[in-house]
Each structure stands twice: as C-alpha cells, then as structure tokens.
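*Asks:* Handing you a structure now.
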Amino acid sequence: MSGPRQPGRWSLRRRLGLWLTVAVAALWLAAATVAGLVLQHEIGEVFDSALQEVAQRVLPLAYSELLSREAGDAPQHMAPIGPHREYITYVVRDGAGRVLLQSSDAELMAIPAGLAPGFRTSDRLRTYTEAAVRGTIVVTTAEDLGHRAAAVRRAVAALIWPLVALVPIALAGVWLSVRLSLKPMLAFRRAIETRGHGNLTPVATAGLPEEIAPVAAAVNALLERLRGALEAERGFTANSAHELRTPIAAALAQTQRLVAELPEGPERERARAIAGALRRLSRLSEKLLQLAKAEGGGLVAEVPAPLAPVLRHVIADIDRQTGRGTDIALSIPANGGPLSDLDPDAFAILARNLIENALKHGEPETPVEVQLDDGRFEVANHGPVVPADLLAGLLRPFQRGPTGAEGSGLGLAIAAAICRGAGLTLDLTSPIPGTADGFRATVRFPAAPRS
C-alpha cells in the first residue's frame, strides 16, 4: 500500500504541470509585451503617415480657398458629411497666422499656431505641419495621443485576454501529456510499493524510459538477492526444526519407555521429571523456531488465499492434541471468510499461538471466542484482568502476565512479530469491552479483493 504523502512534497506530475503552465503563461506574456512594443512603433508610423497625407491632400483645397476668398472673410469650417468621430483634425493658416480653413473638430483640439514644418509631439498632440506658396499657406494636422495609446492597449489586450482561457487549457493539456508520459513510471512506483512485507517478485520493466530502466534493473537484482537470502533462511529454519525435533522426540520416547519399565519409586519419578523437561524443551524449541520464522520474513504470499480453511485446520489440530476443541467458539462469515495475502503458514502460527494462549490463561468453564471476518481476527477469553501497564510488555519475548499457568512467554511475542513483519496491527485489550474481566487480542488486516 502507498505510504502517506509527506507535507510539502509535491509529485513529479504536479511539478511538471505547474512549471510548464507557468512557463507557457510567462512566454505568452513576454510575447504579448514584445508585440505591444512592436505594435506601438508600427501604429505610430501608420498614424504619422496619415497625418502627412491629410496635410498634403488639404493643401490644394487651401490654395483654392486663398485665391477665392475676399478680404475680411471669416474662417471656413469644413462641415462633416455625417456623424463620425474625427481622429485627425487640420487647420489652414496664412503667413500671418490667420485661420483660413479648418476641420469640424479643430477648435476642440486647440492646435497651436507657429509650428515649424515637420512632426512635433506635445503633451497631448502629435502634429504635422507643411507650408506652401513660400510660406503663405500653412497646414497643420493633429491627432490626440490618447487615441494612439488606446489603440495599442486594445491590441495588447486582444493578445493577453486569450491567456485567461489558455491557462486552464494548457494546464489540462500539460497534465494529460505528463500523465501519459509518466504512466510507466507510475506503474513502476505502484509495483515497488506492493513489494513490501515479503513480496519479492520481480518488477515489470516494460515501457520504462531510458533514465529509469537502470533503476528498475537494480531493484530487481536487489529483490532477487533478498529472495535468495530469505529462501536460504527458510530452509535453515525448516532443517533446524527437523534436526531439533528428532533427537528431542527420540530422547522423550526413550524416557517414556524408561518410566514404563521402572518400578514405582524415586527412579521412576526422576524419569517422569526428565520426560516433562523434554516435553517443555520440545515446546520451547518449537516456539523459538516460530519466533525465528516470524522475525525472518516470508510472511506475505504472492497470491491471496482464504484464511478460514487454515483457521479450521489449526483448531482441529489443537483439538486432536489437547482435546479442547469444544472449548472454542468459532465465528466465520457465511461467505467463507476473507482472502488475504498473509502467508498461510504464518497465519497458522499466529492463530495457534493466540488460541493456545487464550486456552491456557482463560477460565476453564468459559469458551474461547474466535472470530474471523473481512477486517479482523479476534481471540477473546474470560479470566483475570491484565493491568494496563503490563499489556504492552506482553508483546516482548518471555514476558508473562499475572497468571499461574505454565508457559514460555513467547506466544504473544510470536504473534506480534508476525504482525509487524506482515504490516498488520495487533491490539491487546483487558478487560473485554462491556465486561468486567477477560482478555482480547485483535489482529487488523486489509482483506485482499476477491477475484
């Protein structure tokens, strides 16, 4: 399963998506700024050309007006053909500065007189002046600078406004592209995450980019070495168990035969004591081997399997050895119980230790309640309450609670080691909620999905 996301750590997809979108937006803004500067220059040239052309077109009209006018005539206004906004205005003056002819909005523009020929720029106007007939006719055309600035602003806005729609589109496109590009890496990450707790199968490397392929190869090589080490450890554990059980069983058999052959007396009692010590040694060696297996790995199977048949087999084996199967109240869902990737042998050891611990330390006349469902495995027994300050210590090897029952103090330690190695949770509760006594061990595990 995936680990929790650490605060402040962003995924590669989010980083690429954010920075690529920011880069696209920044480049768009930079391009719009450069385009605005170019537009400002080009618009200035276009409007300057318009000012010059209007002046040259008005000059023949002004010359005709000068020839036809009589002394004392008032300045002539050119009436507009229809309603319109006059962006370029003009005024025609004689050599003395008297106005001869002007456009309809010239008075509003307040075009200054006495301007030298050529282009001039004031605080609010851009003007062009041209003289003819030896300076007796002077034409000045003018344009409000605010008109040019507004034209540039509108042009730049037309370039920037699409960015508002571009950013979410670019973000979606970048996210989709990055997701498709990183899909093999995401599959590789998920495969690595599932290799915890003993699943050491090789990771698929198909489709990985060139930069990640060596990492995948190194991971597979490491998994193969770990797998070999764990298999060697399992083999050693199995061989050790066989080698230890055989001589102990042989010594116990000879001792039991000696007990049967000896007459009643001190010698027979000593033989019985030896037989009891050998039985305890056999149980202790078995527990120690179980603890070694629990702490050595190999607790997760490659293929999920049902746990209910394993639990029934464990209870049947306990009944065959102790005859206390009727003291166990088993509860399994009607659907057959959960599937889990917990190794069946590991679950058998876990269940056996918890059930034997409950039978050993529970009240003789009350049943041990064993429950298995999709989210948990519980074993509960009635008996003396274990103080809260001693509960955590029961998970350590050779630690025992306030009980006079015979035992090695390894059962709960083995169960705790299996839960740690398989990524499960073991909770101990005493007394049982809703009662005044008892002890309950709860193993919580994620059930594997049914196929």
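The values are calculated or read from the model by the stated rules, or taken from the named source; none is laboratory data. Everything numeric here is computed off the predicted structure, so don't read it as measured data. Using ideal geometry, Cβ is built from the backbone for each residue, glycine included, and neighbour counts are taken over all protein chains shown. Keep in mind that these areas ignore ligands, DNA and RNA; they rest on the heavy atoms of the full protein, side chains included. Shrake-Rupley method; radii C 1.70, N 1.55, O 1.52, S 1.80 Å.
*Asks:* Would you mind listing the strands (runs of 3 or more DSSP E) fully within the stretch 320-401 where at least 1 residues are among the hydroxyl-bearing types (Ser, Thr, Tyr)?
*Replies:* It comes to 328-331, 339-342.
*Asks:* Among the residues of the stretch 136-149, is there at least one that is within 26 Å of residue 31 (Cβ to Cβ) and either among the aliphatic types (A, V, I, L, M) or in a strand (DSSP E or B) (or both)?
*Replies:* Taking every residue of the stretch 136-149 in turn, at least one turns out to be within 26 Å of residue 31 (Cβ to Cβ) and either among the aliphatic types (A, V, I, L, M) or in a strand (DSSP E or B) (or both).
*Asks:* Moving to a separate point now. Quick one: in the stretch 93-126, of everything that is in contact with a helix residue (DSSP H, G or I) (Cβ under 7 Å, 6 or more places away or on another chain) and open to solvent by 30 Å² or more (accessible area, probe 1.4 Å), which residue is modelled with the lowest pLDDT?
*Replies:* The qualifying residue modelled with the lowest pLDDT is 124.
*Asks:* Checking the condition open to solvent by less than 30 Å² (accessible area, probe 1.4 Å) and out of contact with any helix residue (DSSP H, G or I) (no Cβ under 6 Å at 6 or more places or on another chain), which residue from 391, 350, 372 passes?
*Replies:* Details: 350 fails: out of contact with any helix residue (DSSP H, G or I) (no Cβ under 6 Å at 6 or more places or on another chain); 372 fails: out of contact with any helix residue (DSSP H, G or I) (no Cβ under 6 Å at 6 or more places or on another chain).
Only one candidate qualifies: 391.
*Asks:* Checking residue 285 against (1) over 30 Å from residue 183 (Cα atoms); (2) among the small types (Gly, Ala, Ser); (3) modelled with pLDDT of 75 or more, only one condition comes out false. Which one?
*Replies:* (3)
*Asks:* Another question about this same structure. For residue 179, state whether it is open to solvent by 70 Å² or more (accessible area, probe 1.4 Å) and under 30 Å from residue 302 (Cβ atoms).
*Replies:* So residue 179 passes the test.
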